[in-house]
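Undergrad: Input: one structure, supplied below.
All of the numbers you see were taken from the coordinates with simple rules; none came from a lab. What you see is a predicted model; the values in this text were computed from it and never measured. In this analysis, Cβ positions are derived from the backbone assuming ideal geometry, glycine residues included, and neighbour counts consider all displayed protein chains.
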Amino acid sequence: MRSIEIPQPEDRDWKYRLFEILPGVLTYTILALPVILGKISPKLAAYFLVAYLLLWFIRAVGLDIRSLQGWRTMKQHKTLPWRQMLMDLEVLEPNTKKTPKWHARNIRRVARNIPHTRIKPSEVYHAVIIAFYNESRDVVEPTVQSVLATAFDHKKIILILAYEERGGPEIEKMAHDLIKDYGDNFYYAEAIKHPGNIKGEVIGKGGNVTFAGRRLQEYLEKQEIDPLNVLVTTLDSDNRPDKQYFGALTYTYCSTEEPKHASYQPVTMYLNNIWDAPAPMRVIATGNSFWNVILSLRPHLLRNFSAHAQPMAALIDTDFWSVRTIVEDGHQYWRTWFRYDSKYDVYPIFVPIYQDAVLTNNYRRTLKMQFIQVRRWAWGVSDVAYFANQAFFKINNIPLHKRLSKFLRLLEGHLSWSTAPLILLLAAYPVFFFHTSSPTFGYLANELPQVASGLQRVAMVGILVSLFLSMRALPPKPERYKRHRTIWMVVQWVYLPITSIIYSSFAAIYSQTRLMFGRYLGFIVTEKATKSQRTDVTELLK
């Protein structure tokens, strides 16, 4: 079986390094184009900019429509009678009333296509791995409680608290205290300490959850539980699954024709502490939340991100998560895609996993930690070289057109991340500065910024959609905040252009630049502060 692990830095040949350099070179080339074209040929610069703006205008309209559709779908799925629907799926008879039309169609499809090999809902176990390093009990305990607050049989849930030896004796004690306090509510519960000195591992979540996953595999073997019947969900310390999460996940898994060749992605919503976070962080958190809503309706773009679920059998086949990258969640998509020669899909689960917006003990540090978090996400650009190495320089059975389309889509996504905000906001001005007094191109130079500004204003209508949905998604306002706090939730959107440049373009450029020069990014845990009487998702989980 061929290796699907990321090569160590010293084992990366010139071809691998070439594809590590490629995204950064393309980003700087794209950013330089308006300046180069503006100096050489104003007409070409104008064509480039107008075409780019029109492309993103069309994209913006599509994204607005998708966000509304996604919000409506998520709202519906949060209220569906999943327990009763699972009973229907168990016997392959759509008896439950007040269910969507697709429920009956789905049962007929399952009965027709997978009657003998299917996994019944009653056969499914859930394993929840909560990974943490130095977070306080105030952060971790509500996550355990949220798992218990779900509308699912807790005796079919295995709880694993995966903590780091580096966290010290206080973290170890907390983990074991939580198991003592809550463990009896689950089928099985265990605190597993990840050693801090395993050779070949980078510091990060991947090594922690992989170590816990291997221990879980040993337990399942002793209990003679089929790994194909176990769905493993990985959670960060601040992740709180919606009460319908396990029901919706079980339903989707048991109606998947090839469940082993799939993973399952809930909608990540950064709402736990949204009232407490500073305004710039609220804008970023809200934007990221609704981007995840949009992605749930675009399965061709859906990847593993943050909290996600995968059958234990598939994790065993991939030797769990990578221990050599700080973005093990998104990388797990490519890892599994190559293990199964592209016969692998990500299915959306249209219910949320609630997470924290970035918040530390002071404003300045919060701004810094937000940048650190986004640049870590942007380090997913390292998968470009990994993909090229596995797809084009190793033997596989994946059709060439699939490899090319996936590669180009992956590369384009990271280039848009790093360049789009800067191009959209600033690309019209080089022509203006170079040719504003030119008798030949002066008119064009003066009008181009106006045209760009007009298209930008129309596209900014999408902010109203995000504003409307963000206000609908807010958890109840804590009593410690006065009514005018709600007004600031609206006014905060003036930060959008700044946050788009600093916490999108600059963060992505930073990661791509480090990758270009082989200065590989290390893992820094996003600090999580809590406030007294903090807003959490207790009301949303009811």
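Undergrad: How far is the Cα center of the stretch 197-219 from the Cα center of the stretch 391-417, in Å?
TA: Their Cα centres are 28 Å away from one another.
Undergrad: Using the Cα gyration tensor of the chain, with a ≥ b ≥ c the square roots of its eigenvalues, what is the shape: rounded (a/c below 1.5), prolate (a/b larger than b/c) or oblate (neither)?
TA: Because a/c hits 1.5 or more and a/b exceeds b/c, the chain counts as prolate.
Undergrad: Report, by chain and number, residues whose modeled amide H sits under 5 Å from the one on H308, excluding near sequence neighbours (fewer than 5 apart, same chain).
TA: Placed amide hydrogens put T234 under 5 Å from H308.
Undergrad: Turning to a different aspect of this structure: Can you return the lysines within cross-link range of K98? Criterion is Cα-Cα under 23 Å, with same-chain partners fewer than 8 residues away left out.
TA: In chain and number order, the partners are K75, K78, K120, K243, K542.
Undergrad: A follow-up question, please. How far, in nm, would the chain grow between K75 and K173 when pulled straight, counting 0.36 nm per residue and subtracting the alpha carbon separation?
TA: Full extension from K75 to K173 adds 31.4 nm.
Undergrad: Quick check on the chain: helices-only [θ] at 222 nm, where DSSP H runs of length 4 and up contribute -39,500 (n - 2.57) each and the sum goes over total residues. Nearest 500, please.
TA: So the helix-based figure for the chain works out to -17500 deg cm²/dmol.
Undergrad: Show the residues, 5+ positions off or on another chain, whose built amide H is closer than 5 Å to the amide H of L359.
TA: Under 5 Å from the amide H of L359: A529.
Undergrad: Additional query: Sort the stretch 14-138 into rounded, prolate or oblate with this rule: let a ≥ b ≥ c be the square roots of the eigenvalues of the Cα gyration tensor; rounded if a/c is under 1.5, and if a/c is not under 1.5, prolate when a/b is larger than b/c, oblate otherwise.
TA: prolate
Undergrad: Nothing charged except the Cβ atoms of Lys and Arg (+1) and of Asp and Glu (-1): what's the magnitude of the dipole of the chain about its Cα centre? Round to the nearest 20 debye.
TA: 1560
Undergrad: Round to a whole angstrom and tell me the spacing of the C-alpha centers of the stretch 356-382 and the stretch 307-345.
TA: The distance from the Cα centre of the stretch 356-382 to that of the stretch 307-345 comes to 25 Å.
Undergrad: Also, I was wondering about something else. Quick one: 3J(HN,Hα) in Hz for the stretch 367-382, Karplus 6.51/-1.76/1.60 with θ = phi - 60°, rounded, Gly and Pro as x.
TA: Using θ = phi - 60°, the values come out as 4, 5, 5, 5, 4, 4, 5, 5, 5, 5, 4, 5, 5, x, 4, 5 Hz.
Undergrad: Another one. Do any trypsin sites (Lys or Arg not before Pro) in the stretch 191-230 lie in a DSSP loop with no more than 11 other beta carbon atoms within 10 Å, and if so, which?
TA: Hits after loop and neighbour filter: K199.
Undergrad: Right, something else. With each pseudo-label sitting 7 Å past Cα toward Cβ, what's the H484-L68 distance in nm, one decimal?
TA: 3.4
Undergrad: Once you put a point 7 Å from the Cα of I198 and another 7 Å from the Cα of L400, both along the Cβ direction, what distance in nm separates them?
TA: My value for the distance between the label points is 4.0 nm.
Undergrad: If packing is taken as the average number of other Cβ atoms within 10 Å across a peptide's residues, how do 33-46, 301-314 rank, most packed first?
TA: So the peptides 33-46, 301-314, ranked by packing, come out 301-314, 33-46.
Undergrad: Let me ask something additional. For q = 0.13, 0.15, 0.21, 0.23 Å⁻¹, what log10 I(q)/I(0) does the stretch 278-382 give under the Debye formula with an equal point scatterer on each alpha carbon and no solvent?
TA: With no solvent term, the Cα-only Debye profile gives -0.57, -0.74, -1.22, -1.34.
Undergrad: Quick one: go through the stretch 52-73 and flag any residue whose amide nitrogen is under 17 Å from the point 7 Å out along the Cα-to-Cβ line of E412.
TA: Answer for this model: 52-63.
Undergrad: While we're on this one: Could you give the length gained by full extension between T29 and L92, i.e. 0.36 nm per residue of separation minus their alpha carbon distance, to one decimal place?
TA: This chain segment gains 17.1 nm when fully extended.
Undergrad: To one decimal place, what orientation-averaged projected area in nm² is obtained for the convex hull of the Cα set of the stretch 224-304?
TA: Result: a mean projected hull area of 6.9 nm².
Undergrad: Calculate the FRET efficiency for F392 and I316 from the Cβ-Cβ distance with a Förster distance of 25 Å, rounded to the nearest 0.05.
TA: Once rounded, the FRET efficiency stands at 0.35.
Undergrad: Set the Förster radius R0 to 35 Å, insert the Cβ-Cβ distance between A279 and K39 as r into 1/(1 + (r/R0)^6), and round the FRET efficiency to 0.05.
TA: 0.35
Undergrad: Could I ask something else about it? Taking amide H positions as placed 1.01 Å from N in the peptide plane, with prolines and chain starts having none, which residues 5 or more places from A191, or on another chain, fall under 5 Å of its amide H?
TA: Residues meeting the amide H criterion: L161.
Undergrad: Residues of the stretch 186-214 with amide nitrogen under 20 Å from the 7 Å Cα-to-Cβ point of R519?
TA: 203
Undergrad: Oh, and also: Along the charge dipole of the stretch 275-426, Cβ charges K/R +1 and D/E -1, which of L302, N389, V351 sits furthest on the positive end?
TA: The residue sitting most towards the positive pole is N389.
Undergrad: With r as the distance between the Cβ atoms of S136 and R166 and R0 = 22 Å, compute the FRET efficiency 1/(1 + (r/R0)^6) and round to 0.05.
TA: E(calc), rounded to 0.05, equals 0.90.
Undergrad: From the square roots a ≥ b ≥ c of the eigenvalues of the alpha-carbon gyration tensor of the stretch 80-216, which class results: rounded (a/c under 1.5), prolate (a/b over b/c), or oblate?
TA: Taking the square roots of the gyration eigenvalues as a ≥ b ≥ c, the stretch 80-216 is prolate.
Undergrad: Which entries in K477/K528; K156/K260; K155/K180; K101/K406 show an alpha-carbon gap greater than 22 Å?
TA: As for pairs spanning more than 22 Å Cα to Cα, those are K101/K406.
Undergrad: Go through the stretch 183-189 residue by residue and turn each phi into a ³J(HN,Hα) via Karplus (6.51, -1.76, 1.60, θ = phi - 60°); whole Hz please, and just put x for glycine and proline.
TA: Result, ordered by residue: x, 5, 7, 10, 4, 7, 9 Hz.
Undergrad: What aspartates and glutamates could a cross-link reach from K173, if we take a straight Cα to Cα line under 18 Å and drop same-chain neighbours fewer than 8 places away?
TA: By straight Cα distance, K173 reaches E135, D138, E141, E164, E165, D181, D184, E190.
Undergrad: Grab the Cα-Cα distance for V491 and R83, subtract it from 0.36 nm times how many residues apart they are, and report the gain in nm with one decimal.
TA: 142.8 nm
Undergrad: Quick one: what are the phi-derived ³J(HN,Hα) couplings along the stretch 254-259, Karplus 6.51/-1.76/1.60 with θ = phi - 60°, whole Hz, x for glycine and proline?
TA: 6, 10, 8, 5, 10, x
Undergrad: At 7 Å along Cα-to-Cβ for each site, give me the label-to-label distance between Y219 and D11 in nm.
TA: Roughly 3.0 nm, to one decimal.
Undergrad: For a protection proxy built on the mean count of beta-carbon atoms within 10 angstrom, sort 100-110, 235-245 highest first, please.
TA: Most protected by this proxy first, the peptides run 235-245, 100-110.
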